[in-house]
Amino acid sequence: MIVDSASAFDVRTYLRQEMMPHFLCPGCGHGIALRALLWAVYELGLDKDKLAVVSGIGCAGRLSAYIDANTFHVTHGRPLAYATGLALARPDLHVVVITGDGDCLAIGGNHLIHACRRNLKLTCLMLNNEVYGMTGGQVSPTTSETRLTTTTPLGNSEPNFDACTLAAAAGASFVGREVTHHVPKLKQLIRAGLEHPGFAFIEVLSDCTEIFGRKNELGSSAEMVLRQKSELRPSAYRDTVDSPFRSSDLPTGILTKTERPEYGAAYRTAAAAQRARLAASTDQNKGRT
Ligand code: SF4
């Protein structure tokens, strides 16, 4: 029975049991991220009927199918575009996007930067495992330099995106990063993102154990998770492991949090004012006839 010892949270009550077994490889970090999201939903007491999860294509994109809520599995790179329409039309819903690094930053990169500047209330979880796992292990915009993928057999020569810096520069009012190594902290960050009254971008550093890990000889899934601890934490927390895995000393936690007008509220205010103007003008026209 999967019950968190610190609470009555039972992840099974948020999963579609009829979709089991899931397709994730053993040790894949995406399962940890999914659990953290659902734990945050549980803690906030969100009604499943008021939760909408939109996902794109890829291993991360597949996760929405397992969530017992309103879910949409949409076209590659476009979950933010679909979610934007949904959040505008249904402001009563909590809209969450689950996307991968390729889905979000390559084909979906344009949608991301405009979602950041627009500041519509949405929570975007980008699961970053540095690779296109589902389609065979191609290089992605977050693949670290020198890493091996099926399309960089000599090692990746391109600098990778720092997704959080990109999102903050594009105007995101909430930006955060956490690792799957620390589930309670990840849950707390997602919870803070869900509570944020604007666009929240959260990068989850996850592990593709089967494709990326195997290709780069990163060891077992447990060793990959421990590697997060030694290589992604601030210097004070790092141990003696010396490896070029991702950029070292990446900050985690809430990185940006600002207050800006929320786009949906501003849009509805403008629309109401327009309706009032039209109604007044119609009344005037009626008075003339
Ligand atoms: S291919 Fe990689 S990302 Fe996809 S399910 Fe397997 S381990 Fe996870």
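Tell me yes or no: at least one residue of segment 39-61 is surrounded by fewer than 18 Cβ atoms within 10 Å (Cβ to Cβ) and under 15 Å from the mean Cα position of the chain (by Cα). So far as segment 39-61 goes, no, none of its residues is surrounded by fewer than 18 Cβ atoms within 10 Å (Cβ to Cβ) and under 15 Å from the mean Cα position of the chain (by Cα).
Given the residues D47, D103, D92, which is the only one that is assigned by TED's automatic domain parsing to the domain that holds G133 and within 16 Å of the ligand (Cβ to nearest atom)?
Details: D47 fails: within 16 Å of the ligand (Cβ to nearest atom); D92 fails: within 16 Å of the ligand (Cβ to nearest atom).
Of the residues listed, the single one that is assigned by TED's automatic domain parsing to the domain that holds G133 and within 16 Å of the ligand (Cβ to nearest atom) is D103.
Would you mind finding the one in V204, V225 that is within 16 Å of the ligand (Cβ to nearest atom) and at pLDDT 95 or above?
Matching residue, one of V204, V225: V204.
In segment 172-193, the count of residues that are within 16 Å of the ligand (Cβ to nearest atom), touching a residue at least 40 places away in the same chain (Cβ under 8 Å), under 29 Å from N110 (Cβ atoms) and in a strand (DSSP E or B) is one or more.
Looking at the structure I just gave you, is A170 hydrophobic (A, V, I, L, M, F, W, C), in contact with a Lys or Arg (Cβ under 8 Å, 6 or more places away or on another chain) and modelled with pLDDT of 95 or more?
Working: hydrophobic (A, V, I, L, M, F, W, C): yes; in contact with a Lys or Arg (Cβ under 8 Å, 6 or more places away or on another chain): yes; modelled with pLDDT of 95 or more: yes.
It is true that A170 is hydrophobic (A, V, I, L, M, F, W, C), in contact with a Lys or Arg (Cβ under 8 Å, 6 or more places away or on another chain) and modelled with pLDDT of 95 or more.
The values are calculated or read from the model by the stated rules, or taken from the named source; none is laboratory data. Nothing here was measured: the structure is a model prediction, and the numbers come from that model. Every residue, glycine as well, gets a Cβ built from its backbone with ideal geometry; the counts of neighbours run over all protein chains shown.
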